[in-house]
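Inspection log for the structure reproduced underneath, given as structure tokens.
Bear in mind that the values in this text are calculations on the coordinates, not laboratory data. Every value quoted in this text rests on a predicted model; they were computed, and no experiment measured them. Don't worry about glycine lacking a Cβ; one is built from the backbone with ideal geometry, like all the others, and counts go over all protein chains shown.
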Amino acid sequence: MSPPLLVSGGVAGSRCASCSYPAAPACPRCPACGGPSSETVFSPRGTVWASTLLHIGVAGRQPPFAFAYVDLDDGPRVLAPLEEARVADVGAPVVLIPSADHWCLAVLEENK
Ligand SMILES: [Zn+2]
């Protein structure tokens with residue numbers, strides 16, 4: 001899975017003109033129905049669908065660190081590293097922010 005791309009105002013993606021299926025990163029063709037998609041920007045806010053704590057080095061990160069699948073409020077489910085090295089509660093509100101590497105970082109709203 002490619003990491004979501006943050007742009008001014010949110011997460012770069014696309015939405016299908018036929019079935020409204022959201023995708024991030026953007027896809028020229030809908031992954032669900034193959035119809036044409038238009039580029040859009042989704043909110044950087046969402047909720048944790050699932051998360052895990054990794055104890056091995058992956059993607060250049062030093063363990064332990066956590067990844068979360070985040071359901072964007074108005075968009076698709078994306079994968080992002082969590083700011084903290086711990087499992088987050090399912091449904092916890094998060095916001096995606098830029099990070100030093102090419103990934104964006106999911107920050108728990110309770111920490112803001
Ligand atoms: Zn579609």
Fewest-first sequence of SER18, SER2, SER37 by Cβ atoms within 10 Å of each Cβ: SER2, SER18, SER37
Calculated from backbone phi, Karplus (6.51, -1.76, 1.60) coupling profile of region 104-109 in Hz, x at Gly/Pro: 9, 10, 8, 10, 5, 4
Quick one: what are the phi-derived ³J(HN,Hα) couplings along region 56-64, Karplus 6.51/-1.76/1.60 with θ = phi - 60°, whole Hz, x for glycine and proline? 10, x, 9, 6, x, 9, 8, x, x
I need to check one value: relative contact order of the chain, counting alpha carbon pairs closer than 8 Å and at least 6 residues apart, in percent. 23
Please express the shape of the chain as an equivalent ellipsoid: the semi-axes are the square roots of 5 times the eigenvalues of the C-alpha gyration tensor, given largest first in whole angstrom. 25, 14, 12
For LEU82, list long-range residues whose amide hydrogen, built 1.01 Å from N in the peptide plane, is under 5 Å from its own amide hydrogen. ALA66, PHE67, ALA68, ALA106
